[in-house]
Each structure stands twice: as structure tokens, then as C-alpha cells.
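Undergrad: Handing you a structure now.
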Amino acid sequence: MTALADALLRQARLISDERDYRMLRLPPQAITLAAGVLAELGQAFAALIVDKDEVTLILPEEAISFFDSRLRRAAVSEQTYRLITLDVQLDPDLVGFIARIAEILAAEGIPLLSVAAYSRDHILVPAQDFDKAMQALHQYQKESVTAWK
């Protein structure tokens with residue numbers, strides 16, 4: 001990992017919105033439907049990912065029932081996730097930032113889903129592992145700052 005990525009992780013504020021999220025899978029031709037749901041939602045965090053095989057939405061759990069009639073064909077993850085925003089400005093060329101986070105959480109047996117915005121990263125962790133994940137990341141920051149001094 002680069003020294004810059006490590007320094008940025010030490011500086012990052014770890015923020016959560018205290019909401020549960022689920023992933024939804026739709027067929028590739030449902031992109032307009034998914035974009036409409038996202039536009040109507042107006043939430044601080046939601047994600048739309050499109051690839052050749054599927055459309056994925058990451059939505060707050062309470063929004064899924066609101067849009068239920070429009071999302072009938074969606075496969076909804078059984079797992080609920082909690083959001084951790086790594087609130088620090090990141091350059092798109094930064095190397096190793098998410099790798100370090102993955103390493104920290106892997107040591108605790110916690111999987112993560114990484115979602116990158118233009119200048120900051122977000123991770124989703126299983127809701128039942130959220131407290132453990134936050135504790136591990138805060139502990140890393142604390143130990144890293146102490147070692148850095």
C-alpha cells in the first residue's frame with residue numbers, strides 16, 4: 001500500500017447513516033426503470049450499477065417496499081448491509097486505499113462491497129458485522145496514528 005493511501009485512511013472520517021440497505025438485481029433491459037426509481041428516491045446514498053448482464057440497485061431497505069410494484073421482477077438480496085462512508089477526498093489514481101480496508105476487515109472475517117464515488121469511497125458490510133467493522137477500522141486508525149507519531 002502506498003504511504004499516501006495509508007495517510008488518507010488515518011484522516012478519513014468513518015460515517016454511517018444508520019440505515020439498512022439491500023441489493024436488487026434486475027435484467028439489463030430494466031435500466032430505465034432502475035434509473036427512474038433512483039431519481040424518484042432522492043436519498044443521500046443509493047447506487048445504480050449497469051453491466052452487460054444485469055442492473056443492480058443498492059437501496060435503503062424501506063425504499064424497496066415503497067417501489068415494490070415497480071420492482072416485481074427484481075431479485076432482492078437476503079442480506080442487509082450497512083453503509084460506511086470513508087469521508088476524505090480521494091484522487092481517482094490513488095492506489096491501495098480499498099486494499100487496506102479490505103485487509104483490515106478480512107482479518108475480522110468481514111466481507112465488504114466497495115462503491116466508489118468520484119472523490120470518496122463507500123463500503124457496505126453485512127448489517128450484523130457493522131459494529132465489528134467500525135471498531136476494526138477505528139482501531140486501525142488509532143494504532144496507525146500512534147505508530148506514525
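Undergrad: Looking at segment 1-27, which of the residues that are within 19 Å of residue 64 (Cα to Cα) and of a type outside the set (A, V, I, L, M) is surrounded by the fewest Cβ atoms within 10 Å (Cβ to Cβ)?
TA: From segment 1-27, those within 19 Å of residue 64 (Cα to Cα) are 17-27; that's our starting set.
With of a type outside the set (A, V, I, L, M) added as a condition, the list becomes 17-22, 25, 27.
On the way: 17: 14, 18: 7, 19: 18, 20: 15, 21: 25, 22: 20, 25: 15, 27: 13.
Checked segment 1-27; the qualifying residue surrounded by the fewest Cβ atoms within 10 Å (Cβ to Cβ) is 18.
Undergrad: Looking only at segment 45-60, which residues are surrounded by 10 or more Cβ atoms within 10 Å (Cβ to Cβ) and part of a loop (DSSP other than H, G, I, E, B)?
TA: Once the filter is applied, which keeps residues that are surrounded by 10 or more Cβ atoms within 10 Å (Cβ to Cβ) and part of a loop (DSSP other than H, G, I, E, B), segment 45-60 yields 45, 46, 54.
Undergrad: Right, here's the next one. Among the residues of segment 86-135, which ones are farther than 14 Å from residue 8 by Cβ, in contact (Cβ under 8 Å) with a residue 24 or more places away in the chain and not in a helix (DSSP H, G or I)?
TA: 108, 110, 113, 115, 118, 122, 123, 124, 125, 126
Conditions (1) touching a Leu at 6+ places or on another chain (Cβ under 7 Å); (2) under 20 Å from residue 114 (Cβ atoms), marked per residue:
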{"site": "36", "(1), (2)": "no, no"}
{"site": "40", "(1), (2)": "no, no"}
{"site": "43", "(1), (2)": "no, yes"}
{"site": "59", "(1), (2)": "yes, yes"}
{"site": "71", "(1), (2)": "yes, no"}
{"site": "76", "(1), (2)": "yes, no"}
{"site": "80", "(1), (2)": "no, yes"}
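Undergrad: I've got another one for you. Which condition from (1) assigned to a helix (DSSP H, G or I); (2) modelled with pLDDT under 95; (3) surrounded by fewer than 18 Cβ atoms within 10 Å (Cβ to Cβ) is the one that residue 68 breaks?
TA: Against the list (1) assigned to a helix (DSSP H, G or I); (2) modelled with pLDDT under 95; (3) surrounded by fewer than 18 Cβ atoms within 10 Å (Cβ to Cβ), residue 68 comes up short only on (1).
Undergrad: Based on this model, can you work out whether residue 63 counts as farther than 17 Å from residue 114 by Cβ and either surrounded by 14 or more Cβ atoms within 10 Å (Cβ to Cβ) or not assigned by TED's automatic domain parsing to the domain that holds residue 139 (or both)? Before the answer, list the steps.
TA: Values: farther than 17 Å from residue 114 by Cβ: yes; either surrounded by 14 or more Cβ atoms within 10 Å (Cβ to Cβ) or not assigned by TED's automatic domain parsing to the domain that holds residue 139 (or both): yes.
Here the answer is yes, as residue 63 does meet what is asked.
Undergrad: With respect to residue 71, determine if the residue is at negative phi and outside the structural domain of residue 34 (by TED's automatic domain parsing).
TA: Here the answer is no, as residue 71 does not meet what is asked.
Undergrad: Counting only residues that are modelled with pLDDT under 95, part of a loop (DSSP other than H, G, I, E, B) and closer than 23 Å to residue 80 by Cβ, how many does segment 1-44 have?
TA: 4
Undergrad: Which count do you get for residues in segment 40-92 that are among the charged types (D, E, K, R) and under 19 Å from the mean Cα position of the chain (by Cα)?
TA: 8
The values are calculated or read from the model by the stated rules, or taken from the named source; none is laboratory data. A quick note: this is a predicted structure, and the numbers were derived from the prediction, not measured. As a convention, Cβ positions derive from the backbone with ideal geometry for all residues, glycine included, and neighbour counts pool all protein chains shown.
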